[in-house]
Amino acid sequence: FNKIKESLSKTRDSINDKLETVIKTFRTVDEELFEELEEALITADLGVNTSLEIIDRLRSAAAEKHITDSKALKGELAQILKDILKEGSSNELNVFGLPAVIMVIGVNGVGKTTSIGKIANMYRKQGKEVVIAAADTFRAAAIEQLEVWAERAGVRIIKQQEGADPAAVVYDAINACKGKYVDVLLCDTAGRLHNKKNLMEELKKIHRILERELPMGGKEILLVLDATTGQNAVQQAKEFKEAADITGIMLTKLDGTAKGGIVFAIKNEFDIPVKLVGLGEGADDIALFDPDEFVNGILD
Ligand code: GDP
């Protein structure tokens, strides 16, 4: 827990300090206070629509409960933020199956390779069998880097040459899993938005093979987003959602940013839950996303 709280320190400084300032300035609950709070949320990267909705809910809650002291609003706000993260799609990873499949997509530089290494390491430490499919055959360097992570985590990696058909790599990986009690098959993909139609087709092709060969297991399509890019990451979530059935997000680099507020915007506007967070460059700098922990971590 401390690791998460520590990693959220910049986001906490951004959101909490702004809210505290407003609450201290306006002692009584009135419309001006709500407007200032809304402004504070927008500047803390929660997005305009989401901030409006949060303040609408807060206004209703304050009226219903006859809250007149501004300090009492913070508890209400915390509850609304938690509700937003818990409504709609679940933030839990479906990793039931032998194997369950996690496909990972995202643009270059967001931390895709590192994240796959961390996920492999996380499940390995839980005693699970993990296989990585190096189906991002676009960059040779990415395959090599992934091999380093696989070796470090002590998991098997299935690869082919640069430029190979990603679907063929996935097919090989499925065969490597069969009859072996593999818990998680992690598929790196060249899931970039260089061409939305290509991306859709490539992912669909891989998905078809997975559905045919492994019909029973959980399937996750995880989009990796870099939290330091703020509204840019929100835009990426929107665009990728149009191209693929994303089931969740791994939000990286939360440790170095004040822009963690995008978690709310992405959840509220696109109903895509953050499922994992990256908290540093090391193999253990990963955590399952917990809405209560996250909100508590940024509000005090
Ligand atoms: P890829 O191009 O998407 O595969 O990105 P990489 O996995 O190569 O990561 C790009 C850079 O981001 C590397 O320097 C990583 O160490 C760094 N990185 C990845 N995840 C995190 C994170 O959660 N926190 C921090 N601080 N750095 C990260």
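The values are calculated or read from the model by the stated rules, or taken from the named source; none is laboratory data. Just so you know, these numbers come straight off a predicted model, no measurement behind them. Glycine gets a Cβ as well: all are built from the backbone with ideal geometry, and neighbour counts include every protein chain shown. Just so you know, the surface numbers come from the protein's heavy atoms only, side chains and all, with ligands and any DNA or RNA stripped out. Shrake-Rupley method; radii C 1.70, N 1.55, O 1.52, S 1.80 Å.
Among 166, 99, 215, the largest mean-square fluctuation in a Gaussian network model of the chain, built with springs joining Cα atoms closer than 10 Å, belongs to 215.
For the chain, the pair-distance distribution built from all alpha carbon pairs, in bins 20 Å wide starting at 0, is 34, 50, 15, 1 percent.
Counting charges near residue 122 (Lys, Arg +1; Asp, Glu -1) among other residues having Cβ under 11 Å from its Cβ returns a value of +2.
For the stretch 219-231, putting each phi into the Karplus relation 6.51 cos²θ - 1.76 cosθ + 1.60 with θ = phi - 60° gives couplings of 10, 10, 10, 9, 9, 8, 10, 8, 4, 5, 8, x, 5 Hz, in residue order, rounded to whole numbers and with x for Gly and Pro. A cut-off under 13 angstrom between Cβ atoms defines the neighbours of residue 211, and their net charge, with Lys, Arg +1 and Asp, Glu -1, is +3.
Antiparallel DSSP bridges in the stretch 200-300: what percent, to the nearest 5? Restricted to the stretch 200-300, the bridges split so that about 25 percent are antiparallel. On a per residue basis, the stretch 205-291 carries 36 Å² of accessible surface, using protein heavy atoms and a 1.4 Å probe. Across the accessible surface of the stretch 1-95, with the other protein chains kept in place and a 1.4 Å probe, carbon and sulfur atoms take up 48 percent. With Rh defined as the Kirkwood radius, the inverse of the mean 1/r over Cα pairs, the Rg/Rh of the stretch 177-250 is 1.02. Peptides 151-157, 246-252 ranked from most to least packed give 246-252, 151-157, packing being the mean of other C-beta atoms within 10 angstrom over each peptide's residues.
Counting only Cβ charges, +1 for Lys and Arg and -1 for Asp and Glu, the dipole size of the stretch 151-300 around its Cα centre is about 620 debye. The listed residues 51, 90, once ranked by accessible area (1.4 Å probe) with the largest placed first, stand as 90, 51. Computed over the chain with a Gaussian network model linking Cα atoms closer than 10 Å, the most mobile of 195, 232, 94 is 195. Here, P(r) means the percent of Cα pairs in each 10 Å bin from 0 to the largest distance; for the stretch 210-300 it is 16, 48, 27, 8, 1.
Counting Lys and Arg as +1 and Asp and Glu as -1, what is the net charge of the other residues whose Cβ lies under 14 Å from the Cβ of residue 85?
Residues close to residue 85 contribute a combined charge of -4.
Think of each Lys and Arg Cβ as +1 and each Asp and Glu Cβ as -1; about the Cα centre, that makes the dipole of the chain roughly 980 debye.
Could you grab the relative contact order for the chain? Cα pairs under 8 Å, six or more apart, rounded to a whole percent. Rounded, it is 28 percent for the chain. For the chain, modelled as a GNM whose springs connect Cα atoms under 10 angstrom apart, the maximal fluctuation among 170, 110, 182 occurs at 182.
Relative to the dominant Cα principal axis of the chain, helix 112-125 is inclined by about 80°.
Rg over Rh of the stretch 93-194, using C-alpha atoms and the Kirkwood radius, what does it come to? Using Cα coordinates only, the ratio equals 0.93.
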